[in-house]
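Below is one structure, written out as structure tokens; the observations come after it.
Here, each number is a calculation from the coordinates, and none is a lab measurement. Quick caveat: nothing in here was measured; it's all calculated off a predicted structure. FYI the Cβ positions are ideal-geometry reconstructions off the backbone, even for glycines, and counts take in every protein chain you see.
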Amino acid sequence: MRSVGDIMVVGLKDGFKMFGISIMTCCAVTVCNMFMNYYLDLTAVENLVTGEYARAFYDAQLMNSKVVCSVSGGCLLATTVIMLFFYIGHYINSHGMEIGILKALGYSDIKIAKGFSVFGASVFSGCIVGYLLSFSLMPKFYELQNEEGLLPDISPNFHLPLFLWTVIAPAGFFALIAVGHSLIKLKQPCVNLLKGIARTKGKNRNVKDKKNFISDMRSSVLRSRKTLVFFIAFSSFCFGTMIQMSSSMRELSSDMMGIMIFIIGIALAFTTLYIALTAVIKSNLKNITMMRIFGYSAGECKRSVLDGYRPAAYIGFLIGSVYQYILLKIMVEIVFSEIEGIPAEFNFDFPVFFIVLLSFIIIYEGIMLIYGSGMRKIPLKQIMSE
Amino acid sequence: MITVKNLTKYYGTGDNKFKALDGVSVNINEGDFVVILGASGSGKSTFLNVISGLERPDGGNIDYDGKKLENMNERELTEFRKNNTAFIFQQYYLLPHLNVDKNVKMGAALDKNKDYKKYIEAVGLGDKIKKFPSELSGGEQQRVSIARALAKNPKVLFLDEPTGALDEKTGRQILDYIIKLHKEQGFTMIMVTHNQNIAETANKIIKMNSGKITEMHENKNIKSAYEIGW
Ligand SMILES: Nc1ncnc2c1ncn2[C@@H]1O[C@H](COP(=O)(O)OP(=O)(O)OP(=O)(O)O)[C@@H](O)[C@H]1O
Ligand SMILES: [Mg+2]
């Protein structure tokens with residue numbers, strides 16, 4: 001937040017703090033650019049592809065590129081939009097006081113909202129890194145895609161339209177969305193922002209009494225930030241989908257594809273989980289501190305603040321497992337059915353499922369324990385010096 | 001009975017090292033109402049936080065009926081707070097997403113106290129039990145925090161400027177509630193305030209300056225919240 005004399009409400013620094021968005025867009029651009037670049041370079045040599053078998057392989061490669069690009073790109077795009085909305089809402093809530101003062105002083109919504117366009121910067125930085133990353137991976141990727149030498153040897157070329165579509169367009173698009181969404185969010189009386197009513201609006205419902213206070217607290221924490229439930233579910237969805245898919249991809253496609261999907265899965269899962277948990281802890285810091293001051297143990301605080309998300313996490317994981325199975329089954333039947341040497345049948349891999357489930361349980365519960373024990377170290381005095 | 005001996009507390013390090021508490025000793029009896037007075041920055045809050053186990057001292061002893069606070073580990077301190085203390089702050093610090101009832105339940109649950117609704121009645125909020133903090137006035141929020149503190153049946157109640165954010169009329173009313181409940185239940189009460197006049201409601205008055213106790217005396221002429229100037 002800048003000084004009142006400054007029109008820019010959100011600083012460039014805030015934009016870069018949204019590294020979650022950067023990681024997301026970096027992944028998306030890496031994958032999409034690599035496959036699209038390959039797609040474009042491949043279509044350029046279409047005339048040189050001869051022979052029925054090579055032709056089928058060529059078509060499959062094109063199809064493969066389109067599928068991977070739209071599945072991962074679309075998935076990541078949707079997530080980035082949701083994440084951006086979440087960040088903006090979060091930012092406006094946690095800076096309600098300052099924004100309220102600006103509004104009270106007579107700053108117009110649009111003047112304040114314009115500042116949010118710097119979120120486009122975090123998108124841009126992610127895109128540009130992803131773009132460069134994809135080019136550094138491309139030579140190896142091209143080589144592996146054509147391991148059997150069925151297609152003419154091609155090397156990566158630069159395509160200007162692709163650069164515009166994967167780097168410039170997203171940055172501009174997200175800057176616009178950020179301004180638009182913040183305009184909607186800012187449209188409320190400044191007293192609400194000042195008093196923090198905006199933060200609690202629609203979230204404070206009287207619900208039935210639970211059997212103990214910890215359960216009451218747990219359900220109120222869940223209700224107060226519903227997007228976070230989605231994030232945590234999405235995080236484990238990514239973990240479940242991508243890790244299991246990567247194992248299948250190593251057999252179906254190449255090691256490289258498998259490893260790439262594995263890395264994207266891990267990056268997505270941990271980034272979203274980190275963002276969600278940090279937000280949960282941050283927005284509940286005062287409450288946790290107050291509970292600790294009154295004599296609730298760190299374990300009880302953890303149970304009331306974090307444990308409510310467990311069902312969402314496990315459901316996300318299960319949905320992800322089913323989703324990747326269906327997706328791969330469809331892909332195998334459409335893309336690979338015409339090529340020999342690849343099994344046209346695809347079955348659910350139970351051993352892999354159980355291994356991934358086990359590691360999921362260990363990682364998820366481990367992270368929760370780490371965050372829980374962090375609650376023991378919250379300086380209790382902090383709350384009084386704000 | 002609380003016995004505090006030679007308490008010291010430092011903030012910062014090196015050239016910035018600052019002695020916030022400088023050899024503070026005091027005895028507080030069960031059922032006492034102690035008021036701590038002093039200028040801003042004199043170390044009142046620091047003293048309160050240290051003797052209540054929210055912060056650790058750098059030297060000295062804090063003894064609660066033979067239990068030594070300075071020797072306890074984090075878990076024992078939590079257990080100690082759970083069984084003995086409650087707090088009321090200037091800024092209320094209610095849980096914003098919970099209604100009045102649940103906010104008070106937060107304190108009550110620590111004492112397994114199912115009969116906590118009477119405290120909400122006692123602070124005159126029986127008709128606002130389903131309201132959320134953002135729907136209450138400052139004075140009402142502070143009353144909720146009083147009910148929350150008392151619902152856990154504390155042996156010692158710590159208050160840091162409980163009326164600091166309130167106007168005179170509301171402040172008096174709050175003070176009156178606190179004093180009434182103190183009389184009824186007989187817990188020990190230690191209150192920090194800027195307001196000289198509030199001290200006249202206590203039976204023990206401590207004055208602090210630059211981290212030291214400069215004056216300490218019993219008050220023979222205890223007044224009610226409505227008899228003092230403000
Ligand atoms: N965390 C800290 N780090 C450094 N100095 C601190 C810290 N907390 C308090 N101090 C300093 O210790 C001194 C005593 O602070 P304390 O909060 O106890 O004062 P106080 O008497 O409660 O004042 P007030 O009436 O304004 O609340 C002050 O000079 C303050 O600047
Ligand atoms: Mg103070």
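Observations
- Residue-averaged beta-carbon neighbours from other chains (10 angstrom radius) around A:209-221: 4
- For segment A:203-386, taking the reciprocal of the average inverse distance between every pair of different Cα atoms yields a Kirkwood hydrodynamic radius of 18.3 Å.
- If R0 is taken as 60 Å, the Cβ-Cβ distance between residue B:56 and residue A:254 corresponds to a FRET efficiency of 0.55.
- Spatially proximal aspartates and glutamates relative to residue B:9 (Cα-Cα < 17 Å; intrachain offsets below 8 disregarded): B:22, B:55, B:58, B:63, B:70
- Shielding value for B:69-81 is 2, the average number of Cβ atoms from other chains within 10 Å of each residue's Cβ.
- Chain A: proportion of alpha-carbon pairs further apart than 33 angstrom, %: 42
- Simple rule: put +1 on each Lys or Arg Cβ and -1 on each Asp or Glu Cβ in chain A, find the dipole, and look at A:243, A:276, A:121; the Cα lying farthest toward the positive end is A:276.
- Chain A: DSSP helices with Cα axial extent of at least 27 Å and average Kyte-Doolittle hydropathy no lower than 0.5: A:19-44, A:52-94, A:119-145, A:226-252, A:255-294, A:310-331, A:350-374
- Selection from A:375, A:79, B:3, by position along the positive dipole direction of the protein assembly as shown (Cβ): B:3
- The distance between label points at residue A:205 and residue B:73 comes to 4.4 nm (points 7 Å beyond Cα on the Cα→Cβ vector).
- Greater than 20 Å apart at Cα, pairs in A:211/B:180; B:112/B:155; B:5/B:204; B:155/B:204; B:82/B:102; A:381/B:118: A:211/B:180; A:381/B:118
- Taken about its Cα centre, chain B carries a charge dipole of roughly 460 debye when the Cβ of each Lys and Arg holds +1 and the Cβ of each Asp and Glu holds -1.
- FRET efficiency for the residue B:27 to residue B:183 pair, using the beta carbon distance and R₀ = 30 Å, is estimated at 0.85.
- Computed from label points 7 Å out along Cα-Cβ, the spacing between residue A:111 and residue B:223 is 5.0 nm.
- Cross-link partners of residue B:114 among aspartates and glutamates (Cα-Cα below 18 Å; sequence separation of 8 or more within a chain): A:209, A:216, B:101
- Whichever lysines have a C-alpha closer than 27 Å to that of residue A:185, once near sequence neighbours (fewer than 8 apart) are set aside: A:13, A:17, A:103, A:111, A:114, A:195, A:201, A:203, A:226, A:282, A:286, B:131
- Per-residue mean of foreign Cβ neighbours for B:102-109 is 5 (Cβ atoms of other chains, 10 Å radius).
- Scattering curve values for segment A:1-199, log₁₀ I(q)/I(0), Debye with Cα scatterers, q = 0.07, 0.11, 0.13, 0.17 Å⁻¹: -0.30, -0.59, -0.72, -1.01
- Three-way shape label, chain B, alpha-carbon gyration tensor, a/c 1.5: prolate
- Note on residue B:5 and residue A:70: their simple-model spin labels are 8.0 nm apart, each label 7 Å out from Cα toward Cβ.
- Efficiency of FRET between residue A:333 and residue A:173 - r from beta-carbon atoms, R0 45 angstrom, step 0.05: 0.85
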